[in-house]
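Visitor: Supplied in structure tokens, the structure appears directly below.
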Amino acid sequence: MARPAIRKAIRPPASTANGLQASQAPRFSPAFRGRKSSIVLDNDPSNNVILNSNLLKMHKNAPPGTRIEASGRQTMTDHEFTWWSNPFLRMLSSPLRICTLTKRYAPTDHLIRVTATLLAQPGETTSSSTPAYIMPSNLHHPRYAPHPRGQGAYIPCSKKAVPLLTGKGRHRGLFPGAEVHDLLEQQIHSGLQTRCVEEAEILATTLRTTARYRSGEPVAFTVRRLTEEEYEATQQQSRIHDPKVMAVIVAPKVEEGEESKIGTLCKSQLLFRVTGAASGSESMLPMPRIPIYWISSLFSDSNCKAALRKALDSALDSERTAVRTARKSQSKTRNLYNVPYEPKSRDAYAICASRRVDAVPLAIALWRLRLWEGVDDN
């Protein structure tokens with residue numbers, strides 16, 4: 001039986017204005033030309049393009065060329081870098097999994113993985129009578145805690161999902177006999193804030209060991225302190241003017257003996273990114289918004305607060321060292337690394353998009369913690 005789609009595809013290419021054939025590769029290989037039936041019905045496997053992939057020729061245009069540096073490493077285009085440095089797009093591009101409660105597909109960065117774990121008393125062996133509890137999984141970075149194997153399920157990254165696990169429903173069939181312990185919500189919250197500290201420590205280590213400025217590369221801070229003028233604008237107008245800022249972290253210094261508690265989020269949680277005067281149809285679009293994290297109210301563990309600030313300060317030291325090293329080693333482009341002094345805020349840090357180091361995992365970890373606690377619509 002003839003297939004109209006194939007007859008249409010094997011028509012000769014259109015002629016050009018001077019009567020010559022268009023100089024382009026044929027759409028199909030000779031194995032497709034003049035066919036009357038599907039290749040699945042072929043008796044001769046030598047002409048089957050499914051079994052012999054070398055019979056199929058490329059018919060698509062080549063992808064757009066990428067810039068290649070002298071070292072042979074490819075660089076992202078400006079559009080690719082804009083997409084790659086967007087934490088929300090990176091979260092949406094994470095693998096899809098089925099949520100146990102909603103029965104819908106969702107990116108894994110918007111979900112929490114849980115498993116059933118047998119908890120035996122110290123010195124006892126596990127048996128059929130050992131109680132099983134639902135426990136969070138994959139909250140920590142693989143460098144700090146290897147991901148466990150076995151069957152798992154996914155729930156929304158929201159503390160409102162924990163009470164739904166105790167009710168009746170189809171999700172109860174995933175882990176028969178497993179119970180939800182009373183501290184599951186606090187356990188997930190602790191794991192999420194620990195993940196923020198881990199990502200900050202990894203970022204600081206990467207900046208200290210590998211991130212160096214190449215010849216002629218301008219200064220681009222991945223972690224920096226907000227200036228006093230910027231910090232005042234964030235508090236009074238909820239605005240930030242630097243287009244490279246992905247997130248703002250306000251982490252006051254934790255004093256010894258200070259009690260740890262979660263306060264109410266009475267301050268703004270999102271900032272408007274002001275990129276300049278827009279004209280035409282762009283003025284009708286809403287201004288982009290970036291999150292601002294008040295660590296004193298978002299984190300409940302004082303040790304995690306201190307560890308996060310310590311990691312951010314370590315990243316700042318690495319940034320300053322990289323600038324000083326580039327200023328000394330690159331005498332011809334020394335002016336690129338003369339950073340003017342501006343009064344800085346002591347507690348406000350800006351996480352910026354940079355081609356030197358990928359800081360998006362830290363921004364994702366902070367946003368997952370914000371999702372778990374709940375985002376204020378106002």
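The values are calculated or read from the model by the stated rules, or taken from the named source; none is laboratory data. None of these values were measured; they are calculated from a predicted model. Note: ideal-geometry Cβ built from the backbone for every residue, glycine included; neighbour counts use all protein chains shown.
Visitor: Identify, by number, the condition in (1) over 21 Å from the mean Cα position of the chain (by Cα); (2) modelled with pLDDT of 90 or more; (3) among the small types (Gly, Ala, Ser) that residue 123 doesn't meet.
Guide: (2)
Visitor: Further question: Within the bounds of region 168-190, is there any residue that is hydroxyl-bearing (Ser, Thr, Tyr) and either modelled with pLDDT under 90 or touching a strand residue (DSSP E or B) at 6+ places or on another chain (Cβ under 7 Å) (or both)?
Guide: no
Visitor: Does residue 154 satisfy the condition of being outside the structural domain of residue 199 (by TED's automatic domain parsing), among the aromatic types (Phe, Trp, Tyr) and surrounded by 13 or more Cβ atoms within 10 Å (Cβ to Cβ)?
Guide: In short, yes.
Visitor: Kindly check whether there is at least one residue in region 343-352 that is modelled with pLDDT under 85 and part of a loop (DSSP other than H, G, I, E, B).
Guide: Yes, there is a match, as at least one residue in region 343-352 is modelled with pLDDT under 85 and part of a loop (DSSP other than H, G, I, E, B).
Visitor: In region 344-355, which residues are in contact with a helix residue (DSSP H, G or I) (Cβ under 8 Å, 6 or more places away or on another chain) and among the basic types (Lys, Arg)?
Guide: Within region 344-355, 344, 355 qualify.
Visitor: Residue by residue through region 104-150, note down the ones that are among the hydroxyl-bearing types (Ser, Thr, Tyr), farther than 22 Å from residue 372 by Cα and out of contact with any strand residue (DSSP E or B) (no Cβ under 6 Å at 6 or more places or on another chain).
Guide: 125, 127, 128, 129
Visitor: Any residue at all in region 90-109 that is touching a Ser or Thr at 6+ places or on another chain (Cβ under 8 Å), farther than 17 Å from residue 151 by Cβ and surrounded by 16 or more Cβ atoms within 10 Å (Cβ to Cβ)?
Guide: Taking every residue of region 90-109 in turn, at least one turns out to be touching a Ser or Thr at 6+ places or on another chain (Cβ under 8 Å), farther than 17 Å from residue 151 by Cβ and surrounded by 16 or more Cβ atoms within 10 Å (Cβ to Cβ).
Visitor: Where residues in region 208-236 are at pLDDT below 90 and hydrophobic (A, V, I, L, M, F, W, C), which of them is farthest from residue 366 (Cα to Cα)?
Guide: Residue satisfying both the conditions and the ranking: 219.
Visitor: Now for a different question. So, of the residues in region 110-137 that are touching a Pro at 6+ places or on another chain (Cβ under 8 Å) and outside any strand (DSSP E or B), which turns out to be farthest from residue 95 (Cα to Cα)?
Guide: Applying the filter and picking the extreme gives 119.
Visitor: Follow-up. Whether any residue in region 168-181 is in a loop (DSSP other than H, G, I, E, B), in contact (Cβ under 8 Å) with a residue 60 or more places away in the chain and in contact with a helix residue (DSSP H, G or I) (Cβ under 6 Å, 6 or more places away or on another chain) is what I want to check.
Guide: No, region 168-181 contains no residue that is in a loop (DSSP other than H, G, I, E, B), in contact (Cβ under 8 Å) with a residue 60 or more places away in the chain and in contact with a helix residue (DSSP H, G or I) (Cβ under 6 Å, 6 or more places away or on another chain).
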